[in-house]
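This report concerns only the one structure given below.
The values are calculated or read from the model by the stated rules, or taken from the named source; none is laboratory data. Just so we're clear, the structure is a prediction, and the values are computed from it rather than from any experiment. Note: ideal-geometry Cβ built from the backbone for every residue, glycine included; neighbour counts use all protein chains shown.
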Amino acid sequence: MKKFTVILLLFLVTVEITAEFKFAGKITNYKKFDNRIEFTLENAKFNLYVLDRNIIRFRYTQKNDFDPAPSYAVIYEMPEKSDFSFHESNDEFIIATAELTLKIAKNPCRVSIYDKNNNLLNADHKSFGVAFDGDDIRCFKELNANEKFYGLGEKSDGLLKNGKQYTLWNTDFPGYDTRKDELYQSIPFFIGINNYKAYGIFFDNPYKSHFNFGASNNRFYWFGAEKGEMDYYFIYGPDVKRVISDYTKLTGRMELPPKWAIGYQQSRYSYYPESSVRRVAQAFRDRKIPCDVLYLDIHYMEGYRVFTWNKERFPQPEKMLSDLEDMGFKVVPIIDPGVKADPDYFVAKEGLENDLFAKYPDGEYYQGEVWPSWSYFPDFTKEETRKWWGDKLSLLLDQGVDGFWNDMNEPAVWGQNFPDIVLFDDNGFTATHKKIHNVYALSMARSTAEGLKRHSNKRHFILTRAGYSGIQRYAAVWTGDNVANDEHLILACTMSLGMGLSGVPFIGSDVGGFIGEPSDNLYRRWYQLGAFTPFFRGHSAVDTRQREPYNYSEFVEKDVRKAIETRYRLLPFWYNEFYNSSVTGLPIMRAMFVNYQDDANAYSHEAQYQYMLGENLLVAPVLISYDKFKKLYLPDGKWYDWTNNSVVEGGGWIIKEVPLDEILLFVRAGGIIPIQEVVNYVGEKEIDSLRFLIFPAASSEYKFYEDDGVSYEYKNGKYAVTKFILDKKDKNIILTTNKEHKGYESGVKKYEFLFVGVEKPAEVIVNGSMTDEFNFDNNRLSIQTLASDNIKIELKY
Ligand code: GLC
């Protein structure tokens with residue numbers, strides 16, 4: 001009797017579970033096409049697309065047909081024909097590309113992916129695989145004991161994702177803490193690293209999605225969403241760099257921004273009236289603190305109505321903007337999506353007349369509450385709306401603004417969500433808020449970028465708070481409303497690194513902390529970090545003290561000016577890194593393991609508090625305001641310690657004292673860093689000489705990119721690339737430069753080559769002739785030449 005009850009109970013439990021979760025089941029049929037296999041499963045349709053030798057798309061639906069609506073994220077064109085072999089055996093199908101072998105078990109359907117040496121890279125969980133629970137979809141994967149997970153973009157709990165679970169749902173959470181899960185951005189892309197080999201998974205589903213990397217279970221990891229398709233791309237590396245780069249092949253890359261956007265940017269909530277803006281501008285120039293951009297936060301508008309000016313505060317916007325332009329400032333106003341529901345307001349009227357706002361299923365336009373009070377929300381998933389909004393930007397552009405700052409675009413309605421029944425066009429396919437929420441900001445940024453492009457041939461600058469995979473195509477991102485405390489200084493570093501791993505290179509934080517007051521030291525340390533993050537903007541909340549560097553004591557001002565000046569000195573270096581990133585999709589600011597994938601130390605917890613800029617510069621910021629020391633890891637090889645001009649042997653952790661006015665910088669062996677003089681703003685004067693800091697402890701190559709910094713002419717070949725080859729043989733060093741592409745003439749007339757960490761050579765030969773026209777001092781050797789196309793410098797010992 002007892003036994004019978006247990007069996008009955010077990011039976012009931014099984015029935016209940018299967019009644020809730022439906023598994024995809026066995027393969028019942030298939031059809032092969034030139035670029036894919038279409039499988040029919042018991043409970044689903046499953047298409048496997050071969051995009052490339054290392055990129056496979058897995059797409060499952062429970063419905064009769066796949067969703068015809070286009071992806072918001074993926075811009076990669078599926079090849080019509082791809083190269084793969086296909087075999088069927090009794091119990092599995094085998095699909096092989098030049099790099100991968102996919103085994104698809106038939107009963108039940110399970111995917112296992114191998115490299116060419118038969119190493120298992122990734123597998124569906126043997127018991128669960130793909131499952132459905134009503135609309136809810138899941139993919140269960142085998143959890144490998146040694147596997148490390150990274151990615152998911154903007155997360156505030158450090159880089160490593162193991163043992164944790166996450167939700168992606170764009171959320172406005174001012175003053176978020178170190179374990180706030182849902183934040184402004186949703187990037188459903190992660191990287192798995194197993195025995196130093198990497199793959200990536202991009203789960204292209206904009207609905208609220210969930211990821212569990214072995215949280216509260218030791219059997220599997222899983223990802224899924226509350227609706228939509230189980231549609232994911234597997235990207236094999238094994239190099240982390242290739243995984244990130246190929247992820248951005250799918251979702252797009254950052255465009256090369258205008259050079260001024262790489263300079264220092266000053267913001268505040270808010271600078272008004274006009275006299276205040278002018279005062280800030282003047283103070284920067286008077287105090288000679290370099291600055292390129294000033295921001296106008298919500299108070300510039302009339303009652304927070306977008307595309308208007310408050311005429312009392314800003315009686316003559318054109319005049320102000322042109323005067324600021326004369327002083328070398330670009331101006332970026334905030335534009336939130338909410339359009340005040342005011343029947344007399346032209347933007348509301350146009351939107352209603354032309355049916356451009358999101359609406360309820362009964363046809364009434366949705367209104368939500370935000371800065372202007374009750375507001376309509378443009379439906380950016382509708383082509384007409386995108387065009388209309390993009391054209392509206394001309395109102396401000398024609399008056400002289402230089403870019404746009406998109407905020408509250410999660411979309412945020414005072415910490416709440418739109419009701420899920422609100423409808424959007426979804427590019428003609430109609431969808432509810434459930435699907436569009438996470439791609440709202442992406443669509444707004446697209447509309448903005450397209451509007452800017454229609455307006456002029458100038459490169460655009462857009463800053464956004466919210467986003468989804470692909471946001472890097474249109475906008476720079478800042479990490480939202482942080483707090484002026486040590487935890488957030490740390491987050492400014494790790495969140496920026498997380499975004500870089502997730503395909504978004506143009507990233508930074510509110511320097512100084514948005515909410516609250518930083519101590520003097522926190523303020524200093526944050527500027528030092530900010531000067532070494534791709535997006536560098538000081539910003540502060542409405543109720544804080546004036547936060548511009550000149551509003552601090554002369555000691556703090558001096559140290560902060562030094563940090564900003566360092567940024568400007570390194571502008572050619574930064575610009576080059578931006579260029580590289582726009583071509584490769586790789587982060588500019590890189591977690592250590594991106595460059596040092598085979599080095600266990602690069603994955604350690606503490607290694608996330610330092611990073612590489614490109615290939616050559618290691619940055620070790622002080623992230624605890626009261627610390628006077630920094631512990632950091634130097635990978636194998638020689639490193640040039642920029643702060644004290646010494647050479648250090650890597651391969652271990654070191655602790656260094658860090659004076660208050662410094663940030664630790666190390667140049668990798670073979671590193672070449674281009675440097676210019678400090679200017680007050682980009683374009684203040686023609687830069688006629690460049691210095692190349694060279695640490696010739698190893699042979700290397702470096703490509704140096706130049707163009708006009710403002711237009712799209714580089715796309716027509718108007719750019720220059722100079723290749724540097726550093727050849728180290730025994731002790732002798734030969735540097736050759738060679739102009740590989742000559743489409744652009746910069747004003748640079750002179751080069752200085754500064755070899756650091758060297759001994760005095762017996763002979764210095766420049767372009768074949770021995771010379772004694774060089775300076776040698778303290779292991780630094782400086783040689784000046786004309787900036788000709790081909791230069792050869794030999795240091796003989
Ligand atoms: C939000 C933004 C912040 C801005 C403020 C006022 O809090 O994140 O940067 O200053 O709104 O517009």
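Residues checked against (1) under 14 Å from Cys493 (Cβ atoms); (2) touching a residue at least 60 places away in the same chain (Cβ under 8 Å):
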residue: Asp599; (1), (2): no, no
residue: Glu606; (1), (2): yes, no
residue: Tyr609; (1), (2): yes, yes
residue: Tyr640; (1), (2): no, yes
query: Any idea how many residues of the stretch 484-516 are more than 16 Å from the ligand (Cβ to nearest atom) and assigned to a loop (DSSP other than H, G, I, E, B)?
result: 6
message: Can you tell me how many residues within the stretch 465-483 are within 16 Å of the ligand (Cβ to nearest atom) and surrounded by fewer than 24 Cβ atoms within 10 Å (Cβ to Cβ)?
response: 2
field: Conditions (1) more than 27 Å from the chain's Cα centre (by Cα); (2) assigned to a helix (DSSP H, G or I); number of the one not met by Arg545
entry: (2)
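Suppose we filter the stretch 644-659 for residues that are touching a Leu at 6+ places or on another chain (Cβ under 9 Å) and either surrounded by 15 or more Cβ atoms within 10 Å (Cβ to Cβ) or in a strand (DSSP E or B) (or both); how many remain?
Result for the stretch 644-659: 9.
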statement: Note on the stretch 172-221: residues of a type in the set (Gly, Ala, Ser) and either assigned to a strand (DSSP E or B) or in contact with a strand residue (DSSP E or B) (Cβ under 7 Å, 6 or more places away or on another chain) (or both) are Gly175, Ser186, Gly192, Ala198, Gly200, Ser209, Gly214, Ala215
query: Just to be sure, is Arg567 within 16 Å of the ligand (Cβ to nearest atom) and over 26 Å from Gln185 (Cα atoms)?
result: no
message: So for the stretch 452-464 (the condition being surrounded by 20 or more Cβ atoms within 10 Å (Cβ to Cβ), part of a helix (DSSP H, G or I) and away from the ligand (no atom under 16 Å from the Cβ)), does at least one residue qualify?
response: yes
- request: May I ask you to list the residues in the stretch 472-485 that are closer than 21 Å to Tyr523 by Cβ and out of contact with any Asp or Glu (no Cβ under 9 Å at 6 or more places or on another chain)?
  value: Asn485
message: Tell me whether the stretch 356-375 contains one or more residues that are more than 19 Å from Tyr440 (Cβ to Cβ), of a type outside the set (A, V, I, L, M, F, W, C) and either modelled with pLDDT under 95 or within 16 Å of the ligand (Cβ to nearest atom) (or both).
response: yes
- request: Can you tell me which residue within the stretch 150-192, out of those that are touching a helix residue (DSSP H, G or I) at 6+ places or on another chain (Cβ under 8 Å) and of a type in the set (D, E, K, R), is farthest from Lys435 (Cα to Cα)?
  value: Asp177
query: Restricted to the stretch 528-554, and to residues that are among the polar types (S, T, N, Q) and more than 16 Å from the ligand (Cβ to nearest atom), which residue is surrounded by the fewest Cβ atoms within 10 Å (Cβ to Cβ)?
result: Ser553
- prompt: Across the stretch 746-773, what is the total count of residues that are surrounded by 13 or more Cβ atoms within 10 Å (Cβ to Cβ) and either within 42 Å of the chain's Cα centre (by Cα) or assigned to a loop (DSSP other than H, G, I, E, B) (or both)?
  reply: 15
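Among the residues of the stretch 320-335, are any in a loop (DSSP other than H, G, I, E, B), away from the ligand (no atom under 16 Å from the Cβ) and of a type in the set (Ser, Thr, Tyr)?
no
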query: Somewhere in the stretch 416-430, is a residue within 16 Å of the ligand (Cβ to nearest atom), under 28 Å from the mean Cα position of the chain (by Cα) and in the same structural domain as Gly328 (by TED's automatic domain parsing)?
result: yes
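Quick grid of which residues meet (1) polar (S, T, N, Q); (2) over 29 Å from Arg459 (Cα atoms):
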| site | (1), (2) |
| --- | --- |
| Asp543 | no, yes |
| Leu571 | no, no |
| Gln608 | yes, yes |
| Gly637 | no, yes |
message: Among the residues that make up the stretch 384-394, is at least one of them crowded, with 24+ Cβ neighbours inside 10 Å and either aromatic (Phe, Trp, Tyr) or not in a helix (DSSP H, G or I) (or both)?
response: yes
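With respect to Asn601, is the statement that it is touching a strand residue (DSSP E or B) at 6+ places or on another chain (Cβ under 6 Å), in a helix (DSSP H, G or I) and surrounded by fewer than 19 Cβ atoms within 10 Å (Cβ to Cβ) true?
Details: touching a strand residue (DSSP E or B) at 6+ places or on another chain (Cβ under 6 Å): yes; in a helix (DSSP H, G or I): yes; surrounded by fewer than 19 Cβ atoms within 10 Å (Cβ to Cβ): yes.
Criteria met by Asn601.
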message: Kindly evaluate Glu20 against the criterion of being closer than 27 Å to Leu143 by Cα and surrounded by 14 or more Cβ atoms within 10 Å (Cβ to Cβ).
response: no
